[in-house]
Structure formats: C-alpha cells, structure tokens
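The values are calculated or read from the model by the stated rules, or taken from the named source; none is laboratory data. Everything quoted here is computed from the prediction, not taken from an experiment. Here the Cβ positions follow ideal geometry from the backbone for every residue, glycine too, while neighbour counts run over all protein chains shown. For accessibility, only protein heavy atoms count, side chains too; no ligands or nucleic acids. Shrake-Rupley method; radii C 1.70, N 1.55, O 1.52, S 1.80 Å.
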Amino acid sequence: MFPMLTLLSMFYYICLRRRSRSGTRSEALGSRRAVELGQRSALPVTVEVEQYGKEVLDFSSHYGSENSMSYTMWNLAGVPNVYPSSGDFTQTAVFRTYGSWWEQCTSSAQRFRRTPPSFHSQDYLELAFEEPVYPTAVEVLETYHPGAVVKILACSLNPFSQNPPVDVRWEVLWAGKPNKALTPQARQFSPSIKQINFATNLLRLEVNSSLLEYYTELDAVILRGVRERPILALYKIPVIDINDLSDSEEEISEAGGLCCRSGGENRHNLGNGYFDRLPYELIQLIVSHLPVPDLCRLAQSCKLFHKHCCDPLQYIQLSLQPYWARLTDASLSHLLSRCTLLQRLNMSWTGNRGAVTAAGFCSFMKACGVSLVCLELSCCHFLNEACLEVIAQTCPCLQELNLASCDRLQPQAFNHIAKLTNLRRLVLYRTKVEQSAILSILTFCPELKHLNLGSCVMIEDYDVVASMLSARCRSLRSLDLWRCRNLSEHGLAELVLGCRLLEELDLGWCSTLQSSSGCFQHLARSLPRLRKLFLTANRTVCDSDLEELAANCSALEHLDILGTRMVSSASLRKLLQCCPQLKLLDVSFCSQVDSRLVQELSGLFPNVSIKKSFTQ
C-alpha cells in the first residue's frame, strides 16, 4: 500500500511542477473554451501560404560546376523542373557523394571521437523563401534515390531583411535517421514537423546519402505556413507521459547539476561515493565516452567531476560540427582553458551569420593551436585572411587542413598555407585559390599525400600544377581534380611520371583529356597501385583504356566511366575478371552498355556494385 501511495505522490508532484510552468489546467481549459466557443467570430481567417524556394544561400557540396546549372544546388530554387518524373536529370540538385565509397578511400578523414550517435548529417543546403511564415508543413520533392534528408531546420533570421536580429536561432522541425526508399522513384517527402514560436523564411536541409545506391536528386522544396501565429497553439495543454518521469533541463539546472537531485538541505552534504576510491585514469576513461555537452554538464555537478571534465586530456580531439547552430565566440572562450593539449579540431559548418567572429576564432587558435595536427574548417564563412595567417603562425605541427567550400575566402588568403610545411592532407574543394598560391604551397609542402583541388575554377593552367606536383610531391597518394578545366595529355603524363605512388585519381569532367593521345593507357601502365579512378563524362574512354587498366591495375576498387560511348561488353568482362577487388563500377549513360548487360554482369560478379542510372 505504502509504495503505491509513494508512487502516486511522486507522479502528482511532477504533474504540479509541469503545469505550473504553462498555467493551471483550469486556466488552459477555460482559455481554450473561450477561443473555441465564445470568440470564433472574432478570430481572423487563417490562410495557409504555399511557397517554393526563392534562393539557395549556402550549401556544402554539389555535383555540378560553378559555371553552369547542371546538377547544381541552385536548381532547387523555384518551381519543380522534373517532378513527378523519376530518374537522372541535369535540372536537379545533386550532392557530390553518395554511398559508403568515399569513406572507404584512403583520402577520407579519420572520424572524430565523441561525435554523438544522433548526428548523421554529411551535407547541407540553406534555402530562402519570399515570405516569413509559421511553418505547418515542409515538402521535399525528391526525383531520384530518395531518403537522404535526415534533418530540417528553420531559422529566425530573415535573410532579405535590412535589420537582422541580434540573436539568430535555429530550430529543428524534423530529424530522422539515414534510410533509403524501397525504390529509386520520385516521391514527395513531407514529414510531420514541430510547431515553432517564430516565423521563418529560411530552411536548412541536412542529408546523409551513405545508405543510397546512387546520387540522390532534389527538385524543389515547398514551405507551407500561416502569416499569424496559430492562436490555439498558445493554449496547448502539455501531455504528461507516464513513462517520462525525468526532470527537464530547467529542473536539472535548478537542482544544481546532473548528479544533485536530492532535497535542499541534504544536497550539499553528499559525498562522491565510490568515485573517490577509483584511480584517476579509470575515471578519465569513463568520462571520455561522454559527448561534449554532457561533459560540460557533468563538470557542474561536483568538484571531483569538474576536475576530471576540465582535464585537457579530455580535449585532445574536439568535434564542434554537431553543435554548429549553438557555437559562439563565448563557447570558444569557455573552452580555452580545457584545450591546451588539443590535437584534432573539427569546426566545420560553424560560426556563420556572425555566431563566431574572425577575432574570436583567432584568439582560440592562439591559445590552443600549438599542438594541432588536424583542422577541419569546411563551410566556415567567418574565415578571412587574418584567420589563415594566425593558423600558419600558431600551428607549426599541422598536417591536415580542410577548407572545402570556404568560397568566401579571398584568393590572397591562401598564400599563408605555404608556411605549413608539414602538411600531409589539404582540401581546397570549391575555393578561390589561384595558381600562384597553389604553386607556392606545393613548393614548400613537399610531404603532401592527399590533395583536393576539385572545382577550383580560379586556377588558370592545371598543366603547370601537374608539373609542380610531379617535381615536388612524389609521395602523393590521392589527387582530386574534379571539373578542372584545362588539364591536357601533356600535364597528365608529367603527373603520373613523378607521382607513381598515386592510389586515387579523380579526373571527372576533365573534358580536355582525349583517349586518342594514349594518355589513359599511359596512366594505367604508370600507376600500378591505383585503387580509385574517376574518368566521369569523358566521352573518349575506349576498350584499349580498360584493357590496360585490367592488365596493370589489379588493385582497382572504384572506377567511374560514366558517359563514354566507346566501351564494349568484352572489355568490361575482362576488367571485372582481372580486378578481383573491384567494388564500384559506374557505367551510367554508356551507350553500348544496356540494362540487360548490367544485370548479367551483376550476376557473374556479385561483389561489384555496377551502376546504371536511368531517366523516365
């Protein structure tokens, strides 16, 4: 009897506390009845507004070129171009990668410890609409291999307003896990979204394509909402779940921390229990499994945990990317004393729209950058030349630097990278780096092993760059030249002559290379360690090229020959037979390779994922 009374008393107490924060039940019911019964005639008519995206403001990557509209994120603005049709269309928005293939490559970055398991996002885009509304629905028109969207967020900032708010808020409307649809056919994805208390005309979609069989394609986004805040939402009665007996975050902070939940007088008399008897190293191991926010909360619970949670050994690796929406200069300042031994830092996606300033970042780097060996800064638009200068001055040990899609950095800023003479991995995808800067970097960074220059449209002559790579960077393992405009057969020949340890080479959409010159056959004979080769959209790739790859590159795992018209079934069979480690073969839009042949080869070589996209 007594245990039952105790349980009922606890439940009644929790109900009272939660009701006290949102008004009593009688007040809520009275207000609701007043709205429903007595004031209906006085309420304004709520009209739902339907809008398509007006402008794509930011994104992390895209398949297309910076100088065209095909397969670019800019296609997401406006009314649908393709939907309800399904298939591979150039008028859609397509991200740069899909599947797990890129993560398996030697050029991929090592995963950061303490990344929360709920953080699935790999790419993002931000889309502005004409009019701010209180969202009632968000619809994403996916036209090929749907299922990549894992999070939809709304922002309190109106990007077209002349008076931006001081405090920019991001609110999650919906979040889910990575998945893939049962078929690659088009669909209208409209998840149930959360109500928010501000009007928005800026949405952010985050995606994870790791489970998809091919590139996901998005055609348009529809934002539905009302101009006035829904009145009934103001009187919404909280639903109390019998299974949810834990205190809210506000109650935890009122109680003085995560581990202090006892009543007032006895709270300060609690000891540390058996934790006092555990070895220091063992407690360090236990708390090392906590994500960063939990580590900061635990530090507030007692002096013992504060000591352990603030130990710099807990911050040798620090990934702040999952918390991009909350990170500010104040956050970095708070972490200063804890990061004196910091070696790997991931600040990708953080600090945009003034949340982190260049000055705040520089102060953090000056205090914590001396031991850094890895720095991930993709899509950090607060970066300027002063930031790169500070990195070059304060990070003498830096070996990995990622500036992907930092497309607002001015060209002269990249000259400072040449001072980082210990660099092993450098990602400059979609940046404004110029030829003079990249030549200086290659001159003073001879230990480079991984270099990404994909979509770097400001480089005038890639032959000169290839020649410098051949002369200075003979330890190069991977090179991404995706959509480089002017690499010739001469430049490619020089490259493979000096960089014979290459394992990954991306020459996708390098249209100036011609197979008739023998450049691809020479490449195959010169690079026996090759594991990944992308010759995407090169119409001239032929049977002789595949036969040389089969004869000389037995370690080949990934091959993309999308769009060639000159490859036959016989050369494909020989390649599959001679390359037993092959995992990915893309023959989409190869005119001599039909779906029947792909089905036959997939049956004969079940360990190879053979891609053949389609249009309807």
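Summary of computed values
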read-out: Strands (runs of 3 or more DSSP E) contained entirely in region 169-208, each with at least 1 residues that are touching a strand residue (DSSP E or B) at 6+ places or on another chain (Cβ under 6 Å) and surrounded by fewer than 18 Cβ atoms within 10 Å (Cβ to Cβ); value: 170-175, 187-189
read-out: Matching residues, region 384-405, being open to solvent by 10 Å² or more (accessible area, probe 1.4 Å) and part of a loop (DSSP other than H, G, I, E, B); value: ASN384, PRO396, CYS397, GLN399, ALA404
read-out: Residues within region 430-470 that are among the β-branched types (Val, Ile, Thr) and either in a loop (DSSP other than H, G, I, E, B) or touching a Lys or Arg at 6+ places or on another chain (Cβ under 7 Å) (or both), tallied; value: 5
read-out: Residue that is open to solvent by 10 Å² or more (accessible area, probe 1.4 Å) and without any contact (Cβ under 8 Å) to a residue 24 or more places away in the chain, where the choices are SER595, SER488, SER591; value: SER595
read-out: Some residue of region 141-152 being under 17 Å from the mean Cα position of the chain (by Cα) and open to solvent by 10 Å² or more (accessible area, probe 1.4 Å); value: yes
read-out: Some residue of region 417-424 being closer than 27 Å to ASN67 by Cβ and either at pLDDT 95 or above or not in a helix (DSSP H, G or I) (or both); value: yes
read-out: Positions within region 336-359 being more than 23 Å from the chain's Cα centre (by Cα) and either open to solvent by less than 10 Å² (accessible area, probe 1.4 Å) or closer than 17 Å to ILE391 by Cα (or both), in sequence order; value: LEU336, CYS339, THR340, LEU341, ALA359
read-out: Of all residues in region 408-462 being among the β-branched types (Val, Ile, Thr) and farther than 21 Å from CYS395 by Cα, the one that is most open to solvent (accessible area, probe 1.4 Å); value: VAL457
read-out: Subset of region 329-348 (residues that are within 15 Å of GLN314 (Cα to Cα) and hydroxyl-bearing (Ser, Thr, Tyr)); value: SER337, THR340
